[in-house]
Amino acid sequence: MRNMPCDDVYVKEIAPELDVQSLRTVRAIADTGSITAAAAALGYSQPAISQQLRRVENRLGVALIERVGRGVRLTEAGRVLARHAPAVTHAFDAAAEELAQLRGLRTGVVRLVAFPSASPVLVPRLLASLSASHPGLTLTYVEAEPPEAVEAIREDRADIALTFSYPGDRDDPHGSSARGLTVRSAGRDDLLLVLPAGHGGAQSVSQLAEETWIAGCPRCRGHLLELCGRAGFEPRIGFETDNAVAVEGLVAQGLGVATLPRMAVESFPLLPGVQTAPLPPAESRGLHVVTARDAERVPSVSTVLEVLGRELAAVQSASS
């Protein structure tokens, strides 16, 4: 196989040899780590994928994979294609869906990823609304925290991500990691103090400096640490869980206090022995909708974005 000269002649020569299915194949190998797993993910046989790879390597004049023991790995050229594949395949899919819409087809699959506390109320409302108004649309759903959700959009594993961030979050995934994506504000979700019933109705965090706190995982507790720091103390964290029901269960037994977003608190009936108290409006998390750039030009994605906006507004209005 020949070396790759970096000149306009080679670019013009190689571009026609690239096709979207080859890009999907190379990306699948990058994601799964093997030809067999990539074939299964794409719905093809392993020999068919191997033959396709050989054909595209011959056309391009460069190896895309290399054998390593009993497995394979991408060459530098393969990694280049895998890196560009999500943007290219997304553009092809967007064009195909727009053409389908022009032909009057009202079907499509939209992949949604959202944070866990959106699952009990918002996502079911969205699914029910879409089912009633757009029965030809299929919405798939996966739970993920914001960093993973943004990554799913970037890697074309999802079409729409519903995410959140806290003011001053140093690890805000909507910064550099979302560069090149579209991030829309979707309102806010207020934080509530979660206290044992009969606690005395603390109205500020500073009144809870001597309490044991229930916090999320180390990556998820940054805002709590900052909140308590502004109140003049470092929280004594006795329990760690990201499960809102578990948080309330611990609080109900008088084992600690916590903060939870309103959306999480109102996603199920408040447990006996638990009360909540509001925090200032500034103590809230911002909600965001993240998509690939120009994703709203895809009719099915645009439809889901519109319905999602309505359902978000309805949930937030019911909470106010």
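General remarks:
- Positions within region 58-93 being surrounded by 14 or more Cβ atoms within 10 Å (Cβ to Cβ), part of a strand (DSSP E or B) and touching a Ser or Thr at 6+ places or on another chain (Cβ under 7 Å), in sequence order: 65, 72
- Restricting 176, 133 to those that are surrounded by fewer than 18 Cβ atoms within 10 Å (Cβ to Cβ), within 15 Å of residue 305 (Cβ to Cβ) and either assigned by the TED database to the domain that holds residue 266 or at pLDDT below 90 (or both) reduces the list to 133.
- Residue that is nearest to residue 82 (Cα to Cα) [pool: residues in region 41-57 that are out of contact with any helix residue (DSSP H, G or I) (no Cβ under 8 Å at 6 or more places or on another chain) and part of a helix (DSSP H, G or I)]: 57
- Qualifying residue in region 101-118 (condition: modelled with pLDDT of 90 or more and part of a loop (DSSP other than H, G, I, E, B)): yes
- Residues within region 241-272 that are more than 28 Å from the chain's Cα centre (by Cα), touching a residue at least 60 places away in the same chain (Cβ under 8 Å) and surrounded by 15 or more Cβ atoms within 10 Å (Cβ to Cβ), tallied: 1
- Flag if residue 119 is under 19 Å from residue 303 (Cβ atoms) and surrounded by fewer than 17 Cβ atoms within 10 Å (Cβ to Cβ): no
- Scanning region 187-232 for residues that are of a type in the set (A, V, I, L, M, F, W, C) and in a loop (DSSP other than H, G, I, E, B), we see that the one that is farthest from residue 272 (Cα to Cα) is 231.
- Only one of the numbered conditions (1) in contact with a Cys (Cβ under 7 Å, 6 or more places away or on another chain); (2) assigned by the TED database to the domain that holds residue 126 is not met by residue 235, and that is (2).
- Verdict on residue 299 being within 29 Å of the chain's Cα centre (by Cα) and in the same structural domain as residue 147 (by the TED database): yes
The values are calculated or read from the model by the stated rules, or taken from the named source; none is laboratory data. Note that this is a predicted model, so its numbers are computed, not measured. Every residue, glycine among them, receives a Cβ derived from its backbone with ideal geometry; neighbour counts consider all protein chains shown.
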